Amino acid sequence: MPRRLRRSALQCRASSTRSENNPAECSARTSLSFFAGPRKESTDKVLGDTETSFEPQKVRILTDIIRQSAADLAGALASKQISAVEATQAHLDRIAAVDDDVHAFLQVDRDGALAAASEVDRRRAAGESLPTLAGVPIAVKDIATTRGLVTTAGSKMLEGWVPPYDATIVTRLREAGMPILGKTNMDEFAMGSSTEHSAYGPSHNPWDLERIPGGSGGGSSAAVAAFEAPLAIGTDTGGSIRQPAAVTGTVGIKPTYGGVSRYGLVALASSLDQAGPCSRSVLDAALLHEVIGGHDPMDSTSIDAPVPPVVEAARRADVKGMRVGLVKEISGEGFQPGVKARFDESVQLLTELGAEVVEVSCPSFEKGLAAYYLILPSEASSNLARFDAMRYGLRVGPKGIERPSAEQVMAASRDAGFGDEVKRRIILGTYALSSGYYDAYYGQAQKVRTLIARDFNAAFEQADVLVTPTAPTTAFKIGEKIDDPMAMYLNDVATIPANLAGIPGMSIPNGLADEDGLPSGMQFLAPATKDERLYQVGAALEAALNERWGAPILSKAPALAVKESI
Amino acid sequence: MTTTTDAVVGYDDAIARFDPVMGLEVHVELNTATKMFCGCATVFGAEPNTHVCPVCLGLPGALPVVNRTAVESAIRIGLALNCSIADWCRFARKNYFYPDMPKNFQTSQYDEPIAFEGYLDVELDDGSTYRVDIERAHMEEDTGKSLHVGGATGRIQGAEYSLVDFNRAGIPLIEIVTKPLTGAGERAPEVARAYVSALRDLVKALGVSDVRMEQGSMRCDANVSLRAKAGDGGDQNAVPLGTRTETKNVNSLRSVERAIHYEICRHAAVLDSGASILQETRHWHEDTGATTSGRPKSDADDYRYFPEPDLVPVAPAAELVEQLRESLPEPPAKRRKRLQADWGYSDLEMRDVINAGAIDLIEQTVANGATAAGARKWWTGELARRANNEGKALEDFGVTTADIAALDGMVRDGRLNDSMARQVLDGVLAGEGRPTQVADARGLELVQDDGALEAAVDKVIAGNEAVADKVRAGKLNAAGALIGQVMKELKGQADAAKAREMILAKLT
């Protein structure tokens, strides 16, 4: 077996080991109507001098809670213009009004969210100093375990499973006083680019309900785009935060691998998975990134360093003198024309903002997709082995066998509990890891991974950040690619390299494609642990785009039908 | 389940025609406070499923974190086995489905063990040394424990239902694998026993495991194969190895020896019949002294090993390894030689001590003030006998080394004779207190008053003139009867040697 990437090695004295003296813990913890169209007065508020919104005297009375940015909402909460219960109730009402159509949520935790909000209000009334986002509600992808709240990862296998522990990021949300509205829909075990592989039916894109909201984290992006939540948690193994952001006109960040704890995230591919923020603005994402990021002793692969200064970078929003690398191999050739056009414009805009655009080459990227579809299924085949009907989850007795053996129960349960895409990848991964094939498949894929990391290293010698379109197309129709796995896999061609190399990536909306009027996404990539660069350049382009389009891209989305009876 | 008895040939016959080759895999459970990858306590015999958490239950989302103490223990074992220590190595996933394995993969090490290429010199009964080459020692986690209810002999086949206890899941294990052990010939079973015994002593001296084979904290899997003898002048090592069988979980030193002995005889019978050995696991049965067929195990077993992506590589700094090397205790073999010289024991006496497992106890007893000879007499004599009768280990016997040193001192000072000392021991074991307290309370003390002794001697001689005459006539052995009478007079609390001296002085 060849040695692959020598990732940060574990020194026996380093904190990656658990000291016996300090054992890791065993368990972890006014209805408003919706108006479509741009919201004039808050246009620059979203992007510009948001810090002023934390000063009570400058904050206007909020009439439309759900349309506020998380930053503005936090300011209004801090200045007691609204209560956390009001903010949470407004979003619960919005969910009740539109989620029958959008289907962003698998579980809505009305009581839990209101209880958390009420606790924030109590503490604020008592004069306690609270975290910035205290009282700002959030939606969590159903891949993160939530103590006492059903977690299914979009699979029949975990239908009704109530975890006895919180994922570390969930603990951090709770500690930050952020009420959890519920769990969002996703492709089963995060395998997919459309949520069509969810065992509970697809989510719908708020821009066009007949279209997919991206995947696997389509529920989170749809929830944010439909104003059902100001913020959401996603996870990104090959693009599952960024591609949904691109096709829903929202912002999504995959942090540096190890930047956010994976403890409590139902694992797809351990060496690729990374949780991150979904939002409607770059600054909002930064605020959430600071809450969930940082070292976790429960995750050995977590980076033992402070969270990069992302909020500060988002506020700086300045690209003057920054070197922006245009990746020759993913510059939009062969992508949907409208996506390519918006990308070229955005690059031009960056130049106008004072960035220096250089072309870089990453020749190994073309092998990325192939390597990814060996590494991911290999790790997934092993990670998903634990779903055996013995200790939790679905248990099915095999048909026609009176006294089945444990093995027969395992086989029958896995057959009944896993969907086709999951089975497809388990078979692929099992094959790729088999003796005699290991070197040719898994081993070769790891070498490609090394090559891609080298490409990035070379590119970042020439550029501070890299840019590509996030996804090849705008949102496609539900059902369009469901029978063509290869076409579905191609959605991730631009996002996968970042996962393979462990570097951070961001997608922001950069306009609407001419041919279909649907949002397209701009991807930024930065060197590992330099997440702040994404926020700095992302916020700068976001501001320029909002100016060019006259309002945030999302404000162009058509109104959703609102169910009145609440 | 195979119930038919396999054919065997006589051992000497088998050895005369075949050359046995062995490979031993020993699992040692570390005695860390917490499990290998989580903070759960490692306790033997707790209520089932009370020391479990999301990590060792394999709940969705849970992640492992390496126990630093376990890594240090592994390195210490590796160093004590003269192994090289990897400066960089990884854990790997061994994938297979079994209901008592929470994740359906075992986090283990594959081609990058923490320790590799070492040896252990093993002393055999005749004092000669056999070098056991160690291939590797690697870290892994234990599985849960299945309890099959109903059906036969606790096996899964035919069971009504099975219960799983995950308290054991995730307990740190070190697996120590030998290279093929060749050239032992007829002494192969003895070499295996001596190796496992030496390994047990070594690990015990390191203090990293309880190494209790009967509790499963040390388990041995014995691989055996036979190959043809090379014949006169032939190179035995040029003869290819035969097909092996793996006898699982042999849980006593004696069983290791017997199981290998049995397999050699069974293999020979199979080969004699013209059939070939089926590569399989075998189960050892202590009661019948035979193995039965387990499951077929071929080299094609595919565990789909790959590097564990949830853990970062282990890269012990060179300074840490050196620090651990310096912390190693004296090797047991070397220590035994030193102690034997210090104590002045003969080779035979020393072997008795080793066989009784009494070295540590004697060392402590001597440290507490006993003479080496006295300590040996107690631990390999009276105490070994009593422990054996009660089926207990010497160290669990309920008497401290300080007590034995005190008893030895009281005999030496002439306060007690041997029989009284044994009575005092009874009292100590009955919880009546420390030896001096027991002796005081029971009034056990040799008569030190020579006047009382002389009076008793005179009285016995006067009452047994016939016997006294025999002694006077030179039959000194007859004095024994008189001594017995004196002891009786003084209710056993007389110094027999002194009484004999006095009787002979008066009669000769």
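Throughout, read-outs are computed from the coordinates displayed, never taken from laboratory work. Since the model is a prediction, treat every value here as computed from it, not as a measurement. Reconstructed Cβ throughout: ideal geometry from the backbone, glycine too, with neighbour counts over all protein chains shown.
Between A:Arg122 and A:Glu564, the contour length at 0.36 nm per residue exceeds the alpha carbon distance by 156.0 nm.
Between the alpha-carbon centres of the range B:116-150 and the range B:184-199 there is a gap of 11 Å.
Relative contact order of the range A:195-314, taken over Cα pairs closer than 8 Å and 6 or more residues apart, is 21 percent.
Dividing the summed helix terms, -39500 (n - 2.57) for each DSSP H run of n ≥ 4, by the number of residues in chain A produces a 222 nm estimate of -10500 deg cm²/dmol to the nearest 500. Here the protein assembly as shown is treated with +1 on each Lys and Arg Cβ and -1 on each Asp and Glu Cβ, and its dipole about the Cα centre works out to around 540 debye.
Cysteines in chain B that lack a partner Cβ within the 4.7 Å cut-off: B:Cys38, B:Cys40, B:Cys56, B:Cys83, B:Cys89, B:Cys220, B:Cys265. Peptides A:179-188, B:67-76, ordered by how many other C-beta atoms sit within 10 Å of their residues on average, highest first, read A:179-188, B:67-76. Cα-based values for the range A:333-407, radius of gyration first and Dmax second, are 24.8, 74 Å.
Within 10 Å of the Cβ of each residue in A:386-393, the mean number of Cβ atoms contributed by other protein chains is 6. Once R0 is set to 51 Å, what does the formula 1/(1 + (r/R0)^6) return for the Cβ-Cβ distance between B:Asp413 and A:Ala305, expressed as a FRET efficiency to the nearest 0.05? Computed FRET efficiency for B:Asp413 and A:Ala305: 0.15. DSSP assigns beta bridges within the protein assembly as shown; of those with both partners inside it, close to 80 percent run antiparallel. Sorting A:Ser520, B:Ser419, A:Ser261 by the number of Cβ atoms found within 10 Å of their own Cβ, with the fewest placed first, yields B:Ser419, A:Ser261, A:Ser520. Of B:Phe166, A:Phe524, A:Phe189, the sequence from fewest to most neighbouring Cβ atoms within 10 angstrom is B:Phe166, A:Phe524, A:Phe189. With Rh defined as the Kirkwood radius, the inverse of the mean 1/r over Cα pairs, the Rg/Rh of the protein assembly as shown is 1.13.
Averaged over the residues of A:268-281, the number of partner chain Cβ atoms lying within 10 Å of the residue Cβ comes to 1. Calculated mean residue ellipticity at 222 nm for chain B: -11500 deg cm²/dmol, from DSSP H runs with n ≥ 4 weighted as -39500 (n - 2.57), summed, divided by the residue count and rounded to 500. Using C-alpha pairs below 8 Å separated by at least 6 residues, the relative contact order for chain B is 14 percent. In the protein assembly as shown, a dipole from Cβ-located charges (positive for Lys and Arg, negative for Asp and Glu) runs towards its positive end, and of B:Ala41, A:Leu268, B:Ala452 it is B:Ala452 whose Cα lies farthest in that direction.
Normalised by the number of residues in the range B:450-507, the average gap of Cα pairs under 8 Å and 6 or more apart makes the relative contact order 39 percent.
Over all orientations, chain B has a Cα convex hull whose mean projected area works out to 32.5 square nanometres. Bridging of B:Lys475 to lysines at a Cα separation below 19 Å is possible for B:Lys498, B:Lys506, once same-chain residues fewer than 8 apart are set aside. Measuring against 27 Å, Cα to Cα, the residue pairs B:Lys377/B:Lys491; A:Lys254/A:Lys367; B:Lys470/B:Lys491; A:Lys156/B:Lys35; A:Lys340/A:Lys367 contain A:Lys156/B:Lys35 as the ones spanning a longer distance. Under 5 Å from the amide H of A:Met522 lie the amide H atoms of A:Thr470, A:Ile508, A:Asn510, each residue being 5 or more positions distant or on a separate chain, with H modelled from the backbone and absent for Pro and chain starts. With coordinates expressed along the principal axes, the C-alpha atoms belonging to chain A extend over 68, 53, 53 Å, beginning with the largest. Among beta bridges from DSSP that stay inside chain A, the antiparallel ones total about 65%.
As a proxy for reagent exposure, A:Glu228, B:Glu140 were ordered by neighbouring Cβ count within 10 angstrom, fewest first; the result is B:Glu140, A:Glu228.
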